[in-house]
Amino acid sequence: MSKPVLYRRFHSVGITLRNVTKKYKSPAYPNKYKSKFPSNDVLTIPWRVGRGLNQNDIDIINDTFLKRTSGLEPDTTVKQLAEISKEFHERFKVRYLDPSKQWSQQLASHGVSNLYSLPDEQLLSNYTFNYNTLWNIPLQIGDLVLLTSRHHELSMCVGLPHSIEDPRYTFVTGNGSIIFNPRNQIQLRIPYRISENIHSIVQKEPSSEFKSIGTIRDKIGETLVLPHIVRKNVTSEPTSRITKDAWFKLPLIIKKLKLINRYLQKNDKSYEVSFVQLVNLVEKSDLNKYNNTEYFQSLLKDENETKNINASTFLATYWGVKEQQLFNMWGDINSNSSILSPVSVTVLPIQSRQVFYDDLLKFLLNDNYKNIETITTLINKGQYGKVCQEYPQILTLLLDYSAGNFVKNLKGNPIITILSTLFRNLSKYQDKDITRDACFKLLTEICPSYKEVNPILHNLHLTSKVDESKLPFELYKHDLTATIFPTSKELSQTYKQVNEKRVDYTNLPVYCIDSEVAHEIDDGISITKKDDKNYRIFIHIADPVSSFPESIIGNEISSPILKIASDKAFTTYLPDMVDPMLPKSITQSTGMGVQDKKTKAITFSVDVKSIGKNRFSMVESSFRIELTHVSDFPKVTYNIVDEILTNDDYPVSENVKQDLKMMSNIAMSLKNNRVYFNNAIIFGEGFNKGLVQLDRNESNVPMVNFKDQKESPSTTLVSEFMILANKLTGKYFTLNDIPGVFRCYKDLPLGPQAFNSYSKLQQETKKGHTPDIQDIVKVSSLLNAGIYSSKPLPHKMIGALSYLTVTSPLRRMPDLINHIQLHRHLNQLDLAFTKEDIDSMLWNIQSRADIIKSLANTVSSYWTLKYLKDQISKTPEHKFEVMVTSYPFDGKVLCVFPEMSFARGSLKVPTDIPHPKIGTLVKNCKITNIDCLENNLELEIAS
């Protein structure tokens, strides 16, 4: 066994054995060897290995020459083949056989005699899943996911969140690599079920004398491994096979997507298209028929949308859209944090995106970047007016980049490349990073009028469907208003056309409790006393459906107003502006709160019985829904009601005071019942702190202020009555088999320790200890997101078996749809929408809800960071206190400013201190980088 050692040593100094000579004591080396052998101990006559080299020769070489090469290679131990073979089998036993044996024994202990059978390759190539499963079932063990860190291949979820301190899931790739990631790193999910009898797929690596090969999760010295038999029989085949099939399909799907995009284009606006519809078009379309417009239009109109989706087509379509984002064909992919998969894709306008930027690139690249040189020369000389007049397309480019209209982190994006060339030629910016903040700063220097613009409001993805014009949020300011939206007089004439019976509640005081600056008032509450222990409460909701008689005739939305409202889906509330779902003529005519104005309403009422001091029970069998008239609206706001409830001397009539106090007592009882009997979670102090509020100074410049959203007796009163109406109506729709849009929330499956922590929070809430901000931060990663559904699934966060929203029809399309169904039902007409109709609406409703929420968060973060940036520009050494919100990664943790809900960033943690746990307050932090438009905030602990 010495010859291999000899070979390795000679090879390490660049000589092969065939060059070794047998003359050991040569007085000098030939010139060809002098550079490699600096002494006289080397052979000079080449010969072939195996001819004349005996053990004595080898011993001499080892004793004289090979000593000189020590240190040129790692220390090695010479071992016999039998010893090597023995150690190999011992390592194989420890690393592979023992974990597999232990896993098999664990299965047997649970009564499983046969191991999970290997999936059939052909079956996996055609594996389909029902898209509705994503909506109805949260992330579970066995699901296949596409992770941000492994976006080229599927992984399998094999472990649930371990604890509050470590809320990461465990994933395994096709080759057996173990990855620990939080849920927000999932880009796409495919439901895939493995046997429920399979437990503990990833196991702790057994300790042994050999070096560990497992993956570290929490600390060095504790590693996890995936048993070989598990990878072979459970995790590898579905992830690898579906990934491989998706890559195989991708070239053809990219061609199809390019042609599909051509047919979906609208010249002057962006809009969303259902991702499932896109997958169906890819799956069903024939590439040879794409030149046939009628054929493609028939595909678009095909209402038999397939819910059973081919998994590899689903994955490849996602990859294809990501690829074509480079060419301004598709905008952002909108994914929902509950279903963890794409819901919609933004289709970008062909004229203002593809054509515009194709022409701009040709213009800027022409004649070896000559035009870029001209533009940058003008900017460097400060001749901004000339740039504005002669090169307005540059302003569009800068605004689009500032607004986030180019997908980030896409290598090879020609727009990003050309923008980089522009910046590198500007003396003021050539050494700076190309960020959205820097881009907007350059834009405002060239054209100061943009200083009053919030660039986020020009984001094509976030603001699509918010308006119908080319400029954001201008729908109600241009001529379309006069041609589509009826006036109040026309609406009053429309009322007379509807023949319906209504209950007269005009003598009943209706308390419309809202803020002083409410944009629409769509609810009010009342109470009547039957006797000392029995009351009836009423929730009156505005009735805009009465303005659209055509909407309750037939089974399609034919009203132009409702079509626009359906596209918008929700009123958009931002610090800068409010964009209503319905036009002001509708909200003003059908809204509530105008004293002595006979107003149409839908009234939800139920009897309440006193069962003790400030304790009440609902008599659910007495629940009624009626079309009504109301007109008596005592003037109240949140502040006024709080004064009445807390100050006995507040000047108000005794009847009003008694009504509000009794309703407040009932509301508190409703809240306590939800928490105690239905495990509802009520967030307490610290929730929604530091919300952005914009005010204008004398120069009309926006000034950033912050306010806390606090719970008070008045807010509890309103919210509990609205929750009650939605709960009881959800039950009413279910019992009467009325299709509607339900709001659902399902708890996430959790590991035992994480589940116990969540349950402990529920128990503490039952005892009256509402979670503070620290508790909220700790459990936030263990909470799911609510979704809309056509099924009456539970809403466990609220504590309801079914929950169907009906209390905000002026600002939420789901509520308006449910009102349309109620109108048909109460007038004993055929229902307007079937369950299939509701299903077809859900993707748009959910997509718009997610986009508007993202827009609101993005805008609030922008103004918050802008405020912080101004602060540190004045006092650069200012220190902050932050709260940790994530498990450590790459030497950082995510954090939030406890007093500002939208100041979120990352905190660099020194290696010489323990990483702070989730919920820990860290003081003495300084901001090291801040980019308002990128929503990037970086901090470190000051020394």
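For the reader, a short list of remarks on this structure follows.
- Residue identified as at pLDDT 85 or above, surrounded by 14 or more Cβ atoms within 10 Å (Cβ to Cβ) and not small (Gly, Ala, Ser) among LEU397, LEU460: LEU397
- Members of segment 76-103 that are hydrophobic (A, V, I, L, M, F, W, C) and modelled with pLDDT of 80 or more: LEU81, ALA82, ILE84, PHE88, PHE92, VAL94, LEU97
- Extreme residue, nearest to the chain's Cα centre (by Cα), among residues of segment 165-186 that are in contact (Cβ under 8 Å) with a residue 60 or more places away in the chain and surrounded by fewer than 19 Cβ atoms within 10 Å (Cβ to Cβ): ASN184
- GLU711 being surrounded by fewer than 18 Cβ atoms within 10 Å (Cβ to Cβ) and part of a strand (DSSP E or B): no
- Every residue from segment 139-171 that is of a type in the set (Val, Ile, Thr) and either under 18 Å from LEU783 (Cα atoms) or at pLDDT below 90 (or both): ILE141, ILE164, THR170
- Options LEU475, LEU471, LEU419, LEU443; residue that is surrounded by 16 or more Cβ atoms within 10 Å (Cβ to Cβ), at pLDDT below 90 and out of contact with any Asp or Glu (no Cβ under 9 Å at 6 or more places or on another chain): LEU419
- Qualifying residue in segment 690-700 (condition: buried (at least 19 other Cβ atoms within 10 Å of the Cβ), within 29 Å of the chain's Cα centre (by Cα) and among the hydrophobic types (A, V, I, L, M, F, W, C)): yes
- Residues satisfying the stated conditions in segment 924-943, i.e. polar (S, T, N, Q) and in a loop (DSSP other than H, G, I, E, B): ASN935, SER943
- Residue match in segment 498-514 (condition: surrounded by 14 or more Cβ atoms within 10 Å (Cβ to Cβ), modelled with pLDDT under 80 and within 38 Å of the chain's Cα centre (by Cα)): no
- Checked against the criterion of being in a helix (DSSP H, G or I) and buried (at least 17 other Cβ atoms within 10 Å of the Cβ), segment 867-886 has at least one qualifying residue.
- Within segment 131-164, tally of residues that are exposed (fewer than 15 other Cβ atoms within 10 Å of the Cβ) and over 18 Å from the mean Cα position of the chain (by Cα): 1
- Any hit, segment 587-602, residues being of a type in the set (Asp, Glu) and outside any loop (DSSP other than H, G, I, E, B): no
- Residue within segment 847-859 that is more than 18 Å from the chain's Cα centre (by Cα), of a type in the set (S, T, N, Q), surrounded by fewer than 19 Cβ atoms within 10 Å (Cβ to Cβ) and not in a loop (DSSP other than H, G, I, E, B) present: no
- Residues that are surrounded by 14 or more Cβ atoms within 10 Å (Cβ to Cβ) and in contact with a helix residue (DSSP H, G or I) (Cβ under 6 Å, 6 or more places away or on another chain) within segment 609-626 comprise ARG615, PHE616, PHE623, listed in sequence order.
- Selected residue (only one of ALA832, ALA754, ALA785 is part of a loop (DSSP other than H, G, I, E, B) and under 25 Å from VAL158 (Cβ atoms)): ALA785
- Set GLU272, GLU323, GLU294: member being charged (D, E, K, R) and closer than 21 Å to THR243 by Cβ: GLU323
- Within segment 104-130, the set of residues being outside any loop (DSSP other than H, G, I, E, B), crowded, with 18+ Cβ neighbours inside 10 Å and at pLDDT 90 or above comprises just one member, PHE129.
- Scanning segment 186-207 for residues that are touching a Phe, Trp or Tyr at 6+ places or on another chain (Cβ under 6 Å), among the small types (Gly, Ala, Ser) and either in a loop (DSSP other than H, G, I, E, B) or not assigned by TED's automatic domain parsing to the domain that holds PRO914 (or both) turns up at least one hit.
- From ASP870, ASP890, residue being farther than 21 Å from LYS689 by Cα and not assigned by TED's automatic domain parsing to the domain that holds HIS162: ASP890
- Residues of segment 175-194 that are among the hydroxyl-bearing types (Ser, Thr, Tyr), in contact with a Gly (Cβ under 9 Å, 6 or more places away or on another chain) and under 22 Å from ASP98 (Cα atoms): none at all.
The values are calculated or read from the model by the stated rules, or taken from the named source; none is laboratory data. Here the structure is a predicted model, which is why all the values come from computation and not from measurement. Ideal geometry is used to build each Cβ from the backbone, glycine not excepted, and the neighbour counts take in all protein chains shown.
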